[in-house]
1. Springs between alpha-carbon pairs under 10 angstrom, Gaussian network model over the chain: which of Val156, Val64, Val213 fluctuates most?
2. What percent does the relative contact order of the chain come to when contacts are Cα pairs within less than 8 Å and at least six residues apart?
3. So how far, in whole Å, is the C-alpha centre of the stretch 49-85 from the one of the stretch 131-158?
4. Just to confirm, what accessible area per residue do you get for the chain at 1.4 Å probe, in whole Å²?
5. To the nearest 20 debye, what charge dipole does the stretch 120-216 have about its Cα centre, counting +1 at the Cβ of each Lys and Arg and -1 at the Cβ of each Asp and Glu?
6. Go ahead and set up a Gaussian network model of the chain, Cα springs under 10 Å, then flag whichever of Asp93, Asp147, Asp116 fluctuates most.
7. State the label only: which of (1) 21.2, 68; (2) 19.2, 60; (3) 22.8, 94 corresponds to Rg and Dmax of the Cα atoms in Å computed from the shown model?
8. Between Val72 and residues 5 or more places away or on another chain, which pairs have amide H atoms under 5 Å apart, with H built 1.01 Å from N, and which residues are they?
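The values are calculated or read from the model by the stated rules, or taken from the named source; none is laboratory data. Remember, predicted model here, so these are calculated numbers, not experimental data. A quick note on method: Cβ atoms are made from the backbone with ideal geometry, for glycine too, and the neighbour counts reach across all protein chains shown. Side chains are part of the model used for accessible areas, which takes the heavy atoms of the whole protein and leaves out ligands, DNA and RNA. Shrake-Rupley method; radii C 1.70, N 1.55, O 1.52, S 1.80 Å.
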Amino acid sequence: DLMTFWNTSGGLPYSFEAVQTPEWKKLSGRAHRYKRYEIPSHMSILLAGCDVQQDRLEVSVFGVHKKQFFLVTHEVLYGNPANIDDEVWTELDELLAKTWKKQNGMPISIFKCSIDAHYLTNSVAQFARKRKIVIPVTGIDNNWSADIMPPKFLFVKRNGKFDKTGKKRWPLGVSLLKMDLYNRLKLDELATESIHFPKDMPDEYYKQLTGEVCNFAENSRGETKRIWEKRYDAVEALDCAVYTLALYKICGFHLWDDVKWNKSISKVNI
């Protein structure tokens, strides 16, 4: 009934209430107590999510403690990712190897980075195979059965043949991960699963982060399905956040108890 009212009376697309897209202005207008590149002292782990595009790599770095996420930065590295020898991969290496400092002066490094292996798979496979902290992932659209699926071996193509890399690629049910992310974004800063942002992130980041909406659509058989659709041209910030949230679960951090989290503030041990 609600869908019919929105479509006919309002002339508007109906957004599934449980995954309603947050408004980017509300996110950017929150009062944040830290700046970009600053890492709050109570952060235990740094995780990164990387999206691969034709002319660039985009990377989000998040500090994590328990169920809370703190965005540290979102970086755009321009180059030609199709060429594994291009400088853009060197820049990603440097970012992943960087030693950061918390606000209390303690050093911290990126623990793991998930990277999209759906596009330019061969280049991503070559990059990932020799780097323990890099975990290839592949998003599967409109899959509502599971958020993280069993991994499969990742292959690299050489001289017309496919060789096993020794790395595994994790299929992701990005529909459920986006639902999780958007529900977290609607929480206030004191919530246990909230996501925090630096006070000096540009508006473009928030527009990309909230760049998709979940709508109902009817398929050829007359069945009503939920699908994610773009409402903003660029959604790389959203993809990077989804890959990071998936990485959090792939590493098993969602299973940690308070004792393990409190010990991990000074050292990660899994």
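1. Taking springs between Cα atoms under 10 Å, the residue moving most is Val156.
2. 24 percent.
3. For the stretch 49-85 versus the stretch 131-158, the Cα centre distance is 17 Å.
4. Value returned for the chain: 51 Å² of accessible area per residue.
5. Values: 17 positive and 11 negative charges, 236 e Å.
Here the stretch 120-216 has a charge dipole of around 1140 debye.
6. Asp93
7. (2)
8. Here the answer is Val61, Phe62, Gly63, since their amide H atoms fall under 5 Å of that of Val72.
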